[in-house]
Amino acid sequence: MDVKGFTFSAVEAAIKKPGRKDLALIFSETPAAVAAVFTTNRVKAAPVLLDMERVKHGFCQAVVVNSGNANACTGQQGMEDARKTTRLVAEGLGIPDEATLVASTGVIGVPLPMERVRTAISPLIEGLEGGSLADVAAAIMTTDTFPKMEVRRGEAGGTAYTIAGIAKGAGMIMPNMATMLAFIVTDAAVDPAWLARVFRQANDASFNMISVDGDTSTNDTVLILANGAAGNATLKDGDPAADRFASLLNEVLLSLARQIVKDGEGATKFVSITVTGAVSVGEAKQAAMAVANSSLVKTAFFGQDANWGRILAAVGYSGAMVDPDRVDLLFDDVLMARGGIFAGGDAEARGSQVLRNKEFAVTVDLKLGEGRATVYTSDLSYDYVKINADYRT
């Protein structure tokens, strides 16, 4: 995942416990345009609050990330620790402090072990000579079982560029946003205002269309840095090459979002929930998200029980307009209900067979309009409870 003008590093700081790299750095050799989306949770971690102010400057050169500690609900000390972390990194790199962002993920309510962080900064910066984006992807994991990475390559006016992204997330996954961090880097030159708009659109179509357990974190951060090192003419609104860039960016974010769901804590199923025929796109998403967040539906998926009635019930209480006498429901291509009534025949057996697959689709056709939305979710298993029952130990 070589992206021109960017270097990467990860080291062990033993932030939660020793034995793995847990402090990472993304560095752009020149100031990069930056755009971001943050959690909508009213309880925001210190790094989120700091970054929300700094991205207003419109540029960034470094992002330092730790796992194992969220630096959330840590009061004024948490803000001072976030600022101290960026200051140490900025001084070591010789860049402005305001060009340095910070992100954290892990246990809430525990102060950062700042002496360990401080000690690790020098080797972190030295590691930029031989590090990789893959190192960062591994270092930011918490309950993740695999690092999440994606890359796309494009061309603008004969000049090649790269878009590469990494993410972490497995639990507390819910739109607006989830318990997740995602960092996208590109060497393409792009108009900052246009980048901010298309980045938010890409986020709405990807990270805001997934749910593992319906919880929203205090730390969610998605950042994109574009440093222009590829040397292309600046991409901006109305440029066909810019439209292609936006399409590739969508692909990167959607792939990362899908990987998060597939790695959902304790998950054994990856499920696409599509609601079509709604009166609007908004109501389609509303209904699909109700299905994706239903514990009864998700446990039925885990048990491979073709209990389609739970799905119709979730659609019914979602708040979306529904005429139960019109609704069709399918598991993959198996029609389970027509006009809100069980399809009969061998639908139960064939539907149960579909649910034995690791990946399958649920489609609900409301037959009321043109609204359509797809949400990605996972099942709810015994292991989800086990993982979260002792998360802090």
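Each reported figure results from applying straightforward, stated rules to the coordinates on display, with no laboratory input. In this text the structure is predicted, and so the values were computed from the model without any measurement. Every residue, glycine among them, receives a Cβ derived from its backbone with ideal geometry; neighbour counts consider all protein chains shown.
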Among 141, 79, 209, which one shows the biggest mean-square fluctuation in a GNM of the chain, springs joining Cα atoms closer than 10 Å?
-> 79
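At a 10 Å Cβ-Cβ cut-off, how would you order 135, 187, 22, 2, fewest neighbours first?
On the way: 135 20, 187 25, 22 29, 2 10.
Lowest count first: 2, 135, 187, 22.
Taking 8 Å as the Cα distance limit and 6 or more residues as the minimum spacing, I'd like the relative contact order of the stretch 270-389 as a percentage. Can you show the working numbers first?
On the way: 244 pairs, mean separation 55.1, N = 120.
After rounding, I find 46 percent.
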Tilt relative to the chain, helix 281-293 - C-alpha long axis, 0 to 90 degrees, to 10 = 90 degrees
Under-5 Å amide H pairs with residue 41, H placed in peptide plane, nonlocal only = 177
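Write down, largest first, the equivalent ellipsoid semi-axes of the chain in whole Å, where each equals the square root of 5 times an eigenvalue of the alpha-carbon gyration tensor.
39, 25, 17
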From fewest to most C-beta neighbours within 10 Å, the residues 220, 81 line up as 81, 220
Asserting the computed 222 nm helical MRE of the chain (DSSP H runs at least 4 long, -39500 (n - 2.57) per run, divided by residue count, to nearest 500) equals -10500 deg cm²/dmol
Could I get the Rg over Rh figure for the stretch 90-204? Both from C-alpha atoms, Rh via Kirkwood, rounded to two places.
-> 0.98
List the residues whose amide H sits under 5 Å from the amide H of residue 336, counting only those 5 or more places along or on another chain, with H placed 1.01 Å from N in the peptide plane.
-> 329, 330, 331
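When a/c is below 1.5 the answer is rounded, else prolate if a/b is larger than b/c, else oblate, so apply that to the stretch 330-383 with a ≥ b ≥ c taken from the square roots of the Cα gyration tensor eigenvalues.
Numbers: a/c = 2.41, a/b = 1.16, b/c = 2.08.
Oblate is the answer for the stretch 330-383, as a/c is 1.5 or above yet b/c matches or exceeds a/b.
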Karplus 3J(HN,Hα) series, Hz, for the stretch 336-343 with 6.51 cos²θ - 1.76 cosθ + 1.60 (x for Gly, Pro) | 8, 9, 10, x, x, 10, 3, 6
Once phi is turned into θ = phi - 60°, what whole-Hz ³J(HN,Hα) does the Karplus curve with 6.51, -1.76 and 1.60 give for every residue of the stretch 20-33, x standing for Gly and Pro?
-> 7, 6, 9, 9, 9, 9, 10, 10, 9, 5, 10, x, 10, 5
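Structure shown: which of 298/367; 4/168; 21/236; 17/262; 17/44 lie over 32 Å apart, alpha-carbon to alpha-carbon? It would help to have the intermediate numbers written out before the result.
Details: 298/367 25 Å; 4/168 23 Å; 21/236 38 Å; 17/262 26 Å; 17/44 24 Å.
Flagged as over cut-off: 21/236.
For the chain, what is the relative contact order in percent, using Cα pairs closer than 8 Å and at least 6 residues apart in sequence? Intermediate values should be presented prior to the final figure.
Working: 1003 pairs, mean separation 65.2, N = 393.
Value for the chain: 17 percent.
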Overall form of the stretch 237-276 per C-alpha gyration tensor (a/c, 1.5; a/b vs b/c) | oblate
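Rounded, prolate or oblate: which fits the stretch 270-389, taking a ≥ b ≥ c as square roots of the Cα gyration tensor eigenvalues, rounded meaning a/c under 1.5, else prolate when a/b beats b/c?
Values: a/c = 2.01, a/b = 1.27, b/c = 1.58.
Oblate, since a/c reaches 1.5 and b/c is not below a/b.
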Taking the chain as the reference, fit the longest principal axis to its C-alpha atoms, fit the long axis of helix 192-204 to the helix C-alpha atoms, and give the angle between the two in degrees, 0 to 90, nearest 10.
-> 40 degrees
Compute the long axis of helix 240-262 from its Cα atoms, compare it with the longest principal axis of the Cα atoms of the chain, and write down the angle in degrees, 0 to 90, nearest 10.
-> 70 degrees
From the phi of every residue in the stretch 90-98, what ³J(HN,Hα) in whole Hz does the Karplus formula 6.51 cos²θ - 1.76 cosθ + 1.60 yield, where θ is phi - 60° and glycine or proline is x?
-> 4, 4, x, 8, x, 10, x, 4, 5
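Given the chain, what percent of its DSSP beta bridges are antiparallel, to the nearest 5? Provide the component values of the computation, followed by the final result.
Values: 51 of 75 bridges.
The answer is about 70 percent antiparallel.
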